[in-house]
Amino acid sequence: MEIKPFQIDGKHISRPFIIAGPCSAENEEQMLSTARLLVEQGIKIFRAGIWKPRTKPGGFEGVGLEGLEWLRVVKYETGLKTATEVANARHVEEALKAEVDILWIGARTTANPFAVQEIAEAVGGSGVPVLVKNPVNPDIELWIGAAERLISCGTENIAFVHRGFGAYEKGLFRNQPQWHIPIELKRRLPSLTILCDPSHIGGRRDLIYPISQQAMDLGFDGLMVETHINPNEALSDKEQQITPELLERIIKLLVIRDKSEPSEYLADLRREIDELDDRLLNLLSKRMSVSREIGKYKMEHNIQVLQPLRYDKMVTSRIAQALGLELDEEFVKQILESIHEESVRQQFEIINKLGLSQKLN
Ligand code: PEP
Ligand code: MN
């Protein structure tokens with residue numbers, strides 16, 4: 001699948017591309033006053049949720065159709081382009097009728113291929129760009145699959161939005177960033193445009209800036225930030241919404257490092273990394289061949305494969321060694337665990353093979 005860089009009015013976007021506006025449309029005054037302040041800062045795209053997917057019934061579920069009219073007022077009074085979330089074909093039809101400029105598919109909807117297909121068909125060849133938020137579960141194939149459905153129905157102008165992944169354990173973040181997932185996405189689809197939504201990742205105002213800076217350092221193209229004229233009174237996601245003034249200060253603080261032209265020094269460091277990785281892979285390969293040899297020996301001498309005491313001793317001594325080498329304990333534990341798992345798997349493989357050939361002979 002080929003994904004083209006995201007465009008607005010036929011032009012490539014420049015970094016950082018910012019989409020800002022309230023979590024939810026609440027009333028015309030809230031929409032217009034927020035939008036006017038955003039325009040003063042040079043923001044070009046205004047977001048607002050009209051239909052809100054809530055975890056439990058009874059919360060504020062969005063104002064519905066009426067909100068689309070407010071979005072139209074914002075568009076014509078301020079010149080901002082508008083964006084809203086769609087979760088089914090009816091939403092798409094209503095939003096297109098109201099001349100919404102950009103649609104987005106929310107995290108809960110991306111996780112549902114039936115809904116994504118229905119949306120892809122409804123957007124069809126309208127030419128309206130679509131943003132695809134990551135599914136709530138960390139499934140990169142589902143995320144890419146949503147883009148494939150859109151493209152095959154004629155929507156080529158798409159960008160992804162990283163909004164973090166749900167987890168049972170609540171930590172610092174509302175949704176775990178799991179940065180390796182968008183990094184892997186960029187490796188597989190280098191021309192893909194990816195924005196970061198620090199509001200839903202952090203779930204807290206004070207995390208918006210650090211998450212945004214990290215996204216910029218990782219080469220994200222832009223940000224979608226929930227912005228409310230009076231965040232404390234917001235009807236949804238009030239802990240994470242910020243005022244347009246604070247957004248302006250955050251954007252000014254962001255350091256946007258140039259992505260092009262790596263220096264000679266960086267090239268040298270990268271060569272060193274390539275060499276080290278090469279040695280690591282060769283070492284791993286040698287280690288596995290010793291494991292297979294052990295497997296063979298155990299098989300011939302009727303020794304049990306898994307020796308918990310030996311494994312425990314090995315992990316303890318390696319971790320002690322790792323601490324002296326300034327390596328993180330958790331990181332080393334994870335590596336040792338996966339190396340050990342693979343060794344055991346290889347030992348079983350060799351034992352099964354040998355066992356089978358003994359039986360057959
Ligand atoms: C939103 O952007 O308001 C929203 C509901 O986001 P998500 O789908 O990422 O939860
Ligand atoms: Mn929200």
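The values are calculated or read from the model by the stated rules, or taken from the named source; none is laboratory data. These numbers come from a predicted model, not from an experiment. Cβ: placed from backbone, ideal geometry, glycine included. Neighbour counts: every protein chain shown. Ligands, DNA and RNA are excluded from the accessible area calculation, which covers all protein heavy atoms including side chains. Shrake-Rupley method; radii C 1.70, N 1.55, O 1.52, S 1.80 Å.
Every residue, every condition in (1) hydroxyl-bearing (S, T, Y); (2) modelled with pLDDT of 95 or more; (3) open to solvent by less than 30 Å² (accessible area, probe 1.4 Å), yes or no:
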| residue | (1), (2), (3) |
| --- | --- |
| P22 | no, yes, yes |
| P57 | no, no, no |
| L68 | no, yes, yes |
| L96 | no, yes, no |
| E99 | no, yes, no |
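Pairs are defined by a Cβ separation below 7 Å, a sequence spacing of at least 6 or placement on different chains, a first member in segment 15-29 that is at negative phi, and a second member that is more than 10 Å from ligand 1 (Cβ to nearest atom) and open to solvent by 70 Å² or more (accessible area, probe 1.4 Å); the pairs so defined are S24/L235; E26/L235. On the given criteria, is E226 within 14 Å of ligand 2 (Cβ to nearest atom), assigned to a loop (DSSP other than H, G, I, E, B) and not hydrophobic (A, V, I, L, M, F, W, C)? No; evaluated as a whole, the condition is false for this residue. One residue is enough: does segment 4-25 have a residue meeting the conditions in the same structural domain as I229 (by TED's automatic domain parsing), over 21 Å from F220 (Cα atoms), touching a helix residue (DSSP H, G or I) at 6+ places or on another chain (Cβ under 8 Å) and among the charged types (D, E, K, R)? Checking segment 4-25: not a single residue is in the same structural domain as I229 (by TED's automatic domain parsing), over 21 Å from F220 (Cα atoms), touching a helix residue (DSSP H, G or I) at 6+ places or on another chain (Cβ under 8 Å) and among the charged types (D, E, K, R).
Taking residues in segment 295-317 that are more than 18 Å from K333 (Cβ to Cβ), and partners anywhere that are aromatic (F, W, Y), the pairs with Cβ atoms closer than 8 Å and at least 6 places apart or on different chains are G295/F348; I303/Y297; V305/F348.
Only one of the numbered conditions (1) open to solvent by 20 Å² or more (accessible area, probe 1.4 Å); (2) in contact with a helix residue (DSSP H, G or I) (Cβ under 8 Å, 6 or more places away or on another chain) is violated by I151, and that is (2). Apart from one condition, R187 fits all of (1) more than 23 Å from V123 (Cα to Cα); (2) surrounded by 15 or more Cβ atoms within 10 Å (Cβ to Cβ); the exception is (2). Is it the case that some residue within segment 130-142 is out of contact with any helix residue (DSSP H, G or I) (no Cβ under 7 Å at 6 or more places or on another chain), closer than 24 Å to E226 by Cα, touching a residue at least 12 places away in the same chain (Cβ under 8 Å) and hydrophobic (A, V, I, L, M, F, W, C)? Yes, segment 130-142 contains a residue that is out of contact with any helix residue (DSSP H, G or I) (no Cβ under 7 Å at 6 or more places or on another chain), closer than 24 Å to E226 by Cα, touching a residue at least 12 places away in the same chain (Cβ under 8 Å) and hydrophobic (A, V, I, L, M, F, W, C).
Of the numbered criteria (1) within 30 Å of G42 (Cβ to Cβ); (2) exposed (fewer than 10 other Cβ atoms within 10 Å of the Cβ), the one I256 fails is (2). Pull out all pairs, ordered by first then second residue, where Cβ-Cβ is under 7 Å, the residues are six or more apart or on different chains, the first lies in segment 102-118 and is open to solvent by less than 10 Å² (accessible area, probe 1.4 Å) and in a helix (DSSP H, G or I), and the second is away from ligand 1 (no atom under 12 Å from the Cβ) and β-branched (V, I, T). Filtered contacts from segment 102-118: T110/V116. On the stretch given as segment 154-172, residues that are open to solvent by less than 50 Å² (accessible area, probe 1.4 Å) and either within 11 Å of ligand 1 (Cβ to nearest atom) or modelled with pLDDT of 95 or more (or both) total 12. When each of E272, E233 is tested for being open to solvent by 50 Å² or more (accessible area, probe 1.4 Å), in the same structural domain as H12 (by TED's automatic domain parsing) and not hydroxyl-bearing (S, T, Y), the lone residue that passes is E233.
Taking segment 290-310 as the range and being surrounded by fewer than 10 Cβ atoms within 10 Å (Cβ to Cβ) and assigned to a helix (DSSP H, G or I) as the test, the residues that pass are P308, L309, R310. Got at least one residue in segment 48-63 being away from ligand 1 (no atom under 16 Å from the Cβ) and either in contact with a Pro (Cβ under 7 Å, 6 or more places away or on another chain) or in a helix (DSSP H, G or I) (or both)? Checked against the condition, which is being away from ligand 1 (no atom under 16 Å from the Cβ) and either in contact with a Pro (Cβ under 7 Å, 6 or more places away or on another chain) or in a helix (DSSP H, G or I) (or both), segment 48-63 yields no hits at all. Checked against (1) open to solvent by less than 20 Å² (accessible area, probe 1.4 Å); (2) among the hydrophobic types (A, V, I, L, M, F, W, C); (3) more than 16 Å from ligand 1 (Cβ to nearest atom), A122 passes all but condition (1).
Does segment 196-216 contain any residue that is in contact (Cβ under 8 Å) with a residue 12 or more places away in the chain, outside any helix (DSSP H, G or I) and open to solvent by less than 10 Å² (accessible area, probe 1.4 Å)? Within segment 196-216 (the criterion being in contact (Cβ under 8 Å) with a residue 12 or more places away in the chain, outside any helix (DSSP H, G or I) and open to solvent by less than 10 Å² (accessible area, probe 1.4 Å)), the answer is yes, since at least one residue qualifies. For segment 29-55, the candidate set comprises residues that are within 15 Å of ligand 2 (Cβ to nearest atom) and of a type in the set (D, E, K, R); within that set, the residue that is surrounded by the most Cβ atoms within 10 Å (Cβ to Cβ) is R47. In this structure, is E226 closer than 11 Å to R205 by Cβ, in the same structural domain as L32 (by TED's automatic domain parsing) and either at pLDDT 95 or above or buried (at least 19 other Cβ atoms within 10 Å of the Cβ) (or both)? Yes; evaluated as a whole, the condition is true for this residue.
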